[in-house]
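Peer 1: Okay, here's the structure, questions in a sec.
The values are calculated or read from the model by the stated rules, or taken from the named source; none is laboratory data. Note that this is a predicted model, so its numbers are computed, not measured. Every residue, glycine as well, gets a Cβ built from its backbone with ideal geometry; the counts of neighbours run over all protein chains shown.
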């Protein structure tokens, strides 16, 4: 039988990647870094036992959506906030949730969440793929495994720089908000976390995101090989764009990859 950690009569399910934040000092520090306006629409992904939610509900906001996949936790949150007209609790999988509704509202949308580490990059990529850019959100404040956060933040000419770095930074300005040591969670994960702030940018808004993804898959398939090998089919474009074909994938900037994406078929 799988070991589960009990929190207020509920269990942290490994299948859902649940690690609940239980450190109040961390939550206080995170709360101070949030910039929430009275006209903001907030979407919290995976509120769990509502540790962060308790801080959010004390702020002035237009509407708060809580998206929780765990049925037991959903019911508890629904019961707790049933009398709050501006709080909606949804029993949904965030990977399957239809976020298109938020494109129709005029308010600023802020996504927040202690994302399950096992689906964090899937969720992030899902929100970045929107054909309409800038997308429905104005900011995202999200928790990632530290190693993943380091990859997201990495600049070119860095060994941590890769496909994820380019995809995210072509869409958003990313900054680190706060470290999240493993000790703040229950159950305690084997790795530390990092909370990142994402703010959409328009510099590359006309780039075909799907084409960029495919280009990056080819470029970083063998990251130690030079791009004259991994991107040999685009050699004439590399020459036209004055990109040195003797570089390795990690040496090309966000701009280089986006400019190349523009001209490939």
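Peer 1: Which one of the conditions (1) modelled with pLDDT of 95 or more; (2) touching a strand residue (DSSP E or B) at 6+ places or on another chain (Cβ under 7 Å); (3) surrounded by 17 or more Cβ atoms within 10 Å (Cβ to Cβ) does residue 78 fail to meet, given that it meets all the rest?
Peer 2: It fails just one condition, (3).
Peer 1: So which helices (runs of 4 or more DSSP H) stay within the range 205-265 end to end and still have 3 or more residues that are within 24 Å of the chain's Cα centre (by Cα) and on the phi > 0 side of the Ramachandran plot?
Peer 2: Result: empty, no element qualifies.
Peer 1: Go through the range 91-109 and count every residue that is crowded, with 16+ Cβ neighbours inside 10 Å and outside any loop (DSSP other than H, G, I, E, B).
Peer 2: Qualifying residue count, the range 91-109: 3.
One line per residue, one yes/no per condition, for (1) within 29 Å of residue 106 (Cα to Cα); (2) touching a helix residue (DSSP H, G or I) at 6+ places or on another chain (Cβ under 7 Å):
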residue: 121; (1), (2): yes, yes
residue: 128; (1), (2): yes, yes
residue: 133; (1), (2): yes, no
residue: 136; (1), (2): yes, yes
residue: 149; (1), (2): no, no
residue: 167; (1), (2): yes, yes
residue: 173; (1), (2): yes, no
residue: 178; (1), (2): no, yes
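Peer 1: Assess whether residue 27 counts as being buried (at least 16 other Cβ atoms within 10 Å of the Cβ) and either modelled with pLDDT under 95 or part of a strand (DSSP E or B) (or both).
Peer 2: no
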